[in-house]
Structure formats: structure tokens, C-alpha cells
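Peer 1: One structure is given below, represented as C-alpha cells, and several questions about it will come after.
The values are calculated or read from the model by the stated rules, or taken from the named source; none is laboratory data. Here the structure is a predicted model, which means the values were calculated and not measured. Cβ coordinates were reconstructed from backbone atoms using ideal geometry, including for glycine residues, and neighbour counts include every protein chain displayed.
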Amino acid sequence: MFYGNKPVLETLHGMLRQDRAAHGFLFYGEAGLGKKTLAKQFMAEMLCTGTDKPCGQCKSCRMLADGVHPDVRYAEHTGKRGGFSVETVREIGMDLVSPPNEGKAKFYLFCDCDNMDARSQNLLLKAVEEPPEYVYFIFTAAAPTVLLPTVRSRIISLAVTPVTEQQCFQALTERGYAPEACQEALDAFHGNIGQCLNFLEKEEIRGIVGLTKSAINSIINRNEYALLQAAASLGKEREPAMLFLTLFDRTLRDAMALKYDAGAACIGCDAAGAARLSERLSTAAAQTMHLAVDKAYAALEANVNLPLALSALCASCMDAG
Ligand SMILES: [Zn+2]
């Protein structure tokens, strides 16, 4: 079951009904929205040999579900920074000339192609422009701009968006989580099913949400020591720090939105903190903090020493507040 995203599903179903599917797709949107699930669903409908597609019963459906369908290939992340190496793309270029093993279609997936470099994209361009009639390419990425305009002009780009909190709640409880736990996940990640599941499944993610809340609380109470403690507890890995910055920045955004509209919907993980922050912070202060977050983010991307980047952020926030 793929929740929400009606326009995207209608576009895809419309193509399948008319038997006129494009040969390249880009599903884009932030992590956790179900881009890969959507790709799998689309492939299942294309490859299924049953009547009510996808039937879930036929050989194709079962092979796809088990991740062993011979006509579905996920490009390996062999390149730098999680990209795809030239060798991998070349090898796929050679592979796509041989017809499908099972059905009428063959799929090549480039998932999370946010760091796919221009060279490998250019190598793939010819195949994307004029693929054999049985070949389909699916790309997934956070933003459409990660692909070169030349590649993008040959494929259909579809935005995958969060679902409503109600749909998300349903998706989570269907997996057997207790309603209270689901509500906590929703409060932090709203209509992003994947990120809500991450929250429910991973202690570490719940920890980062907790640290974000204590950082916000420290700013409200002007407690620099507590703020530094929260930042230090993030450890030395980049990923948790990135998530912390994203969540922290969303709460700043929420505080600003609440200043102008007390009923504004929050996108961050700490609605209560955002409400208190909106009373405490001037617009200029919030803007300064937002810029400090941007700076910290850029420093992490450039692999600058993480504790240094975070303590600079703490200092800017204290000065601004
Ligand atoms: Zn089937």
C-alpha cells in the first residue's frame, strides 16, 4: 500500500493504462517519503503477469518482493561520496542491450543519486535518450536539480510529498506500533512515514530528537552550558549532527511562523518549544540563528571538525538570543 501522493500515482497509472510509460523517471523528495517503495510498486505493476496488477502471487511479483528479479537491477553505489563509478555505469550500458529474461521490461535503478557526478550522468545520457524499447530507468533523489538538465529533459520528474498525519498514523499503527508511540513519532516527523518508522525503530533517532528539544530549551533559558552539552552529546559522526541541524532549523522556522500566525502548522519536532521560542526571539535573532545553522551545515558538508562547527553554532545562537 502506497499512502497519499495521488497525483503521482495517477500519472503513473495513466501511463500504464495507455501502455505508454516513459522510459525514465525521477522520483524526488526528502528521505523517508517512500520514493523507493513507489519505484517498487511501479515495477510490480509493469512486471506482473497476473490479472489484477500487481497480484503479489505470480512469479514476477514474488521475485520482485524477494529482491531477486533478474530484470531489475539496482546500480551499486561504487562512486565517490555515494555516487556511481564510471565502471558501474559503463557496465550497465553494456548490460542493457540484452533483452529481458522474464517479461517485457527491464529496470535500472539509480537510487539516492544525490551525489551522482556529471561524468557518470553524461555516460548514461545516450542510453537515457534512446533506450531499447524494453529498458526503463528510475532515479531517486532528494532534489530534482541533482540531475543534469540534459538528463532531466529526457525523463519524467515526479515529486513525492509527505502524506497527511492521519494517513501516516494509519500506516504506523498497521505495522503494529502502539498509538501513543505513533503519536510521538508524528509529533517529530509528521507525514513522513519513513522518518516516523526510523523514530520508532531507532533509539538513536529518538535521542537526536531529544537533544534538539533540549537545545531549544537551553536557548529559551539562555543556558549556554546546557546548549554546549546537548551539542557535545551528538558525538563525532556527521549523520546525527546533520539530522540535529535539520530539526533545529525546522523549529526555528516554526517559531517564526508562529509569530505571525498562532495557528501555523509546525514542521519541526518540538511544537511546544517553538511556541515558547516564538515569544522569546526577535525575527532578527531567529534569522541570525538560521544563518548560523546554514554555516554549520556547510562546514559539515566540507568535513570541517564537527565539535568546532557545533560550538561555533552554539556561540552564535547565544549571541543572537
Ligand atoms: Zn503478479
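Peer 1: Do you know which residues across the range 152-163 are out of contact with any strand residue (DSSP E or B) (no Cβ under 8 Å at 6 or more places or on another chain) and either farther than 29 Å from residue 195 by Cα or assigned to a helix (DSSP H, G or I) (or both)?
Peer 2: 153
Peer 1: Then there is this: Of the conditions (1) assigned by TED's automatic domain parsing to the domain that holds residue 148; (2) within 26 Å of residue 172 (Cα to Cα), residue 16 satisfies every one except a single condition; which number is it?
Peer 2: (2)
Peer 1: Those residues that are in contact (Cβ under 8 Å) with a residue 60 or more places away in the chain and under 20 Å from residue 30 (Cα atoms), I need them from the range 147-165; list them, please.
Peer 2: Those that are in contact (Cβ under 8 Å) with a residue 60 or more places away in the chain and under 20 Å from residue 30 (Cα atoms): 147, 152, 155, 156, 157, 158, 159, 160, 161, 162, 163, 164.
Peer 1: Across the range 274-303, which residue is farthest from the chain's Cα centre (by Cα) among those that are among the aliphatic types (A, V, I, L, M) and loosely packed, with under 14 Cβ neighbours inside 10 Å?
Peer 2: Only one residue tops the list, namely 284.
Peer 1: Given the criterion touching a residue at least 60 places away in the same chain (Cβ under 8 Å) and assigned to a helix (DSSP H, G or I), identify the matching residue among 228, 258, 234, 291.
Peer 2: Testing whether each residue is touching a residue at least 60 places away in the same chain (Cβ under 8 Å) and assigned to a helix (DSSP H, G or I) leaves just 228.
Peer 1: Something else now. Can you tell me which of 178, 142 is more than 15 Å from the chain's Cα centre (by Cα) and of a type in the set (A, V, I, L, M, F, W, C)?
Peer 2: 178
Peer 1: If you don't mind, there's one more thing I want to ask. Hey, any hits in the range 181-188 for a residue that's touching a helix residue (DSSP H, G or I) at 6+ places or on another chain (Cβ under 6 Å) and touching a residue at least 40 places away in the same chain (Cβ under 8 Å)?
Peer 2: Scanning the range 181-188 turns up at least one residue that is touching a helix residue (DSSP H, G or I) at 6+ places or on another chain (Cβ under 6 Å) and touching a residue at least 40 places away in the same chain (Cβ under 8 Å).
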